[in-house]
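The values are calculated or read from the model by the stated rules, or taken from the named source; none is laboratory data. Values in this document were obtained by computation on a predicted structure and should not be read as measured data. For neighbour counting, all protein chains shown are included, and Cβ atoms are generated from backbone atoms with ideal geometry for every residue, glycine included.
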Amino acid sequence: MEQVGPPLASSDVAAELMSAILELAGDLDTPSLLERFVAASTALTGARFGAINIVDPDGASTTFVQSGVDAATAASLGHPPHARGVLGAIPDEGVLRLADLREHPAFVGLPPAHPPMGSFLGAAVRVRGERYGTLYLSEKDGGFDDQDESVVLSLAAAAAVAVQNAQLYALERRRQQWQAAGQTITTMLLEGADQEDVLERIAEAAQDIDGADIAALALPGPDGELLLEIVAGIGGHDLIGLDVSADALVHAAFTSGTGQTVASLAATGPGLGLRAPLARYGPALFAPLHTAGQGVGVLLLLRPTGAAPFTADDLAMSQSFASQAALAFVLAEAQRLRGQAVLHDERTRIARDLHDMAIQQLFAAGMQLESARHHGHEPLPPAVAQVLDSAVGHVDAGIRQIRVIVRTLDDPGATIPLVERVQAEVELAHSSLGFAPLLAITVDGFTVRADDIDSADADLVRAIDDLVAPGRANNVVAVVREALSNVARHARSGSVAVRVVITSAPHGAISVEVEDDGVGVPAAPTRASGTKNLAERAQESGGTFSLLRPASGRGALLRWTAPLD
């Protein structure tokens, strides 16, 4: 083995070398750049075979670009060579030049069906002071010489600069993609987009930009547990609803606000408390959605075993994106609360004005009418008395109506019968589902015909409003709306049935069931994407929430119950 400095090259080789270097410098696509580098190295040295091998810290090949071996032979050889044996002896500086690699002490043989190789020249390609890859050249008639060493070292130096430029260019493009995705998330939130739509957009953007097979969002549940609520990517269905509270990596990212990367979950996961579905993946990245000491969730990016690991740049950019998304969530929530406060203040002002001004004026008008009706000793003509009586009645009715409005101004839907509100939600879902859901409402075993209310049904409608307090009615309407929205997003069903059941004795209760014939419940049936609000509403109402497989065995059955106030 010799390590010799490069001598001066001939003018012809120098011209060809310069042309090759310029071609490398102008290529910002890394795969194309590596192919050019190998092609130039074999052409300028006369080698029959050439390859550049990029390996991981354990010496296993992650990228292998070669020329000289046909596709069928390359396929029969299986995996690319690892950085062991003679290949592992190539120095970081200079070259390894051999007349016959089979005579080197580290030679351990070639795989079956591998083309014979004798003369050998190897050199490292160093980027930012670290070995990026290793160039292998073999089978030159007459063996490699000093000029070949000079050519290879010059090409390796040029390739290193070109690779660095390509990496910087790719990094800048990805940074711009992250920034654009962050702006999209912020805009969606501040425009009042549905929170689940925003979460799905976060996962999809992260998966696409960072080249992950799976992107998942771990979000806090109603009891403080961390659950994988949103999963983007093929083959991740069994991750939806997974409780990852005990997973040390997820928990650390959520509580500390510090992200990290892992070379392989399959290798290190069992010792960190990872659940089986996660432990089948290789490289992983954990980026907390964290801002101002407040944890919103954790973004998980997963790649299959054997894939390229996530880099420090990947972590930095995904963390920045996750922090921006978390800040947008906090700002959107603050904006929503401010809007509610402004609306509440405005309703309070209107109620006060109605009470202090309109009612007083009507009351004064009523007093004047009463005074006119009893003015003097002579009785009024019957027609005049009738008009005055009617006017007094209208004033009294107006005062009562205004008082009802004042009481219900903070709850606009409270004066609309619950049956009508539920029916409106079912009708609105028609457009998103593509078909009309079925609706059944019963109270103490009697069914309300919401589409054709007669006098008997009207009595039931009034009975329902007497039994169900306005706050609980609001919850029922919200549950129906969110359940139908989840079916439209995830179930891919052909029919949906909505059932509202009210019982007044012995213990008053109300239940909402939404049953579809779609793809069914996820792997963890107690929790699934988009059901967090439903579970929280049940908990706040002292009720229950569950997502089950119906008796038919098809689709999913969502059940929400609460006691009557």
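So here's what we get for this one:
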{"read-out": "Unique match (being crowded, with 17+ Cβ neighbours inside 10 Å, at pLDDT 80 or above, in contact with a Ser or Thr (Cβ under 9 Å, 6 or more places away or on another chain) and closer than 23 Å to ARG549 by Cβ) among VAL500, VAL519, VAL479", "value": "VAL500"}
{"read-out": "Exclusive hit being loosely packed, with under 15 Cβ neighbours inside 10 Å and hydrophobic (A, V, I, L, M, F, W, C), set LEU433, LEU438, LEU467, LEU484", "value": "LEU438"}
{"read-out": "Lone qualifier among LEU87, LEU17, LEU24, LEU96 - being in contact with a Phe, Trp or Tyr (Cβ under 9 Å, 6 or more places away or on another chain), under 19 Å from LYS140 (Cβ atoms) and modelled with pLDDT under 85", "value": "LEU87"}
{"read-out": "Strands (runs of 3 or more DSSP E) enclosed by segment 208-312 - at least 3 residues per element that are at pLDDT 85 or above and surrounded by 21 or more Cβ atoms within 10 Å (Cβ to Cβ)", "value": "214-220, 226-232, 284-291, 294-302"}
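Per-residue answers, yes or no, for (1) touching a Lys or Arg at 6+ places or on another chain (Cβ under 7 Å); (2) assigned by TED's automatic domain parsing to the domain that holds VAL69; (3) not charged (D, E, K, R):
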site	(1), (2), (3)
GLU93	no, yes, no
PHE107	no, yes, yes
SER119	yes, yes, yes
ALA123	no, yes, yes
GLY129	no, yes, yes
TYR136	no, yes, yes
